[in-house]
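Okay, so here's the structure we're looking at.
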Amino acid sequence: MLRRIAGVTLPQQVRNEFDAAERDLQASLTSLRATVTRLDPTLTDAADRASRKIQYQLSRLRQRAANAELRRNEVLSRHAAILSNALYPDKVPQERQFAGAQFLARYGVELLANVLENVRPDCVDHQLLFL
């Protein structure tokens, strides 16, 4: 399952890990802020500033992870589209799209002799011939 984050997706497991890290981080920073404030009240602003910076960095890491996932998905989608277009040009099977005359023009009339020599007329399934 994927979740959209600012136009980018993250898998559920990764999202859960980031959510847990944010919760743990928030709890730790709140506890640390209270401890530092008891030690020296003038450190409260410094603790708040450090907390914001840490949360910013975690948020930035989440966004970078989401961008990496998006790049990976885009590459896989592009490869799938290339394969699909090779097998089904214009959304139809190859044999419906490419005329035999195209292959005759490319390989010459020897192609017919090669096909007749290699085709098995007793086979009713598709046959693969290497040119």
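The single condition among (1) in contact with a Ser or Thr (Cβ under 8 Å, 6 or more places away or on another chain); (2) closer than 23 Å to THR9 by Cα; (3) modelled with pLDDT of 95 or more; (4) not hydroxyl-bearing (Ser, Thr, Tyr) that GLN57 does not meet is (1). In the stretch 49-98, which residues are of a type in the set (Lys, Arg) and either closer than 19 Å to ALA20 by Cβ or not in a helix (DSSP H, G or I) (or both)? Hits for the stretch 49-98 are ARG60, ARG62, ARG64. Residue check: LEU131 meets all listed conditions (1) part of a helix (DSSP H, G or I); (2) at pLDDT below 90 but one, namely (1).
The values are calculated or read from the model by the stated rules, or taken from the named source; none is laboratory data. Just so you know, these numbers come straight off a predicted model, no measurement behind them. Note that each Cβ is placed from the backbone with ideal geometry, even for glycine, and that neighbours are counted across all protein chains shown.
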